[in-house]
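Visitor: Right, I'll just put the structure down here and ask away after.
FYI, it's all coordinate maths here, none of it is from the lab. Quick caveat: nothing in here was measured; it's all calculated off a predicted structure. Positions of Cβ are backbone-derived with ideal geometry, glycine not excepted, and every protein chain shown enters the neighbour counts.
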Amino acid sequence: MKLTTKGRYGLAAMVYLARHATEGPISLRQMSETGIQLDYLEQLLAALRRGGLVNAIRGAQGGYQLSRAPAEITVGEILGATEGPVRFCDCATDAAACSQRDHCDMQPMWHYLSDQMNDLLDGITLEKVIADGQRGGNTP
């Protein structure tokens, strides 16, 4: 399994917002310091807003800010908002997607692996990502 740029850049944008959480709304131009193009950032932030992870503030001093504290937002939520369901294969979330479902011995394993990965991702908060990055540690 490999994350797309949506997931990686969405997580990078959220880490940026978390690092600057006490500064008020952050503009897209400020977030472009991460190296993500403005138009792509706009798409990502729209997905993160639909996912309930960021708030958009209008006006001259507007921008984006986290909807909750960094300790309350998980990597799993971010990837879910940007990538969709995190899974090893389609049949892990949609049994009808598997043409072999009636005689597939591997389907329980795919469910188990997907559940384990989602549990891991849901256990990593933005706060932890930032703390580990600052001290050079390994998440989780």
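Visitor: Can you tell me the FRET efficiency between residue 96 and residue 3 if r is taken as the Cβ-Cβ distance and R0 is 30 Å, rounded to the nearest 0.05?
Guide: That gives a FRET efficiency of 0.75.
Visitor: Kindly put 57, 78, 130, 73 in sequence by how many other C-beta atoms sit within 10 Å of each C-beta, fewest to most.
Guide: The most exposed by this proxy come first: 57, 130, 73, 78.
Visitor: Could you work out the helix-only [θ] at 222 nm for the chain, with each DSSP H run of four or more residues adding -39,500 (n - 2.57) and the total divided by the number of residues, to the nearest 500 deg cm²/dmol?
Guide: Per the formula, -14500 deg cm²/dmol.
Visitor: Contour minus end-to-end for residue 43 and residue 57, with contour as 0.36 nm per residue of separation and end-to-end as the Cα-Cα distance?
Guide: Answer, rounded to one decimal: 3.5 nm.
Visitor: Let me know the longest stretch in the chain that avoids all trypsin sites (Lys or Arg not before Pro) found in a DSSP loop with at most 16 other C-beta atoms within 10 Å.
Guide: Here the longest run is 69-140.
Visitor: Let me ask you something else. Multiply the residue separation of residue 67 and residue 112 by 0.36 nm, subtract the distance between their alpha-carbon atoms, and state the gained length in nm to one decimal.
Guide: That pair, residue 67 and residue 112, stretches by 13.1 nm at full extension.
Visitor: Rg to Rh for the chain: what is it, with Cα atoms only and Rh by Kirkwood?
Guide: 1.05
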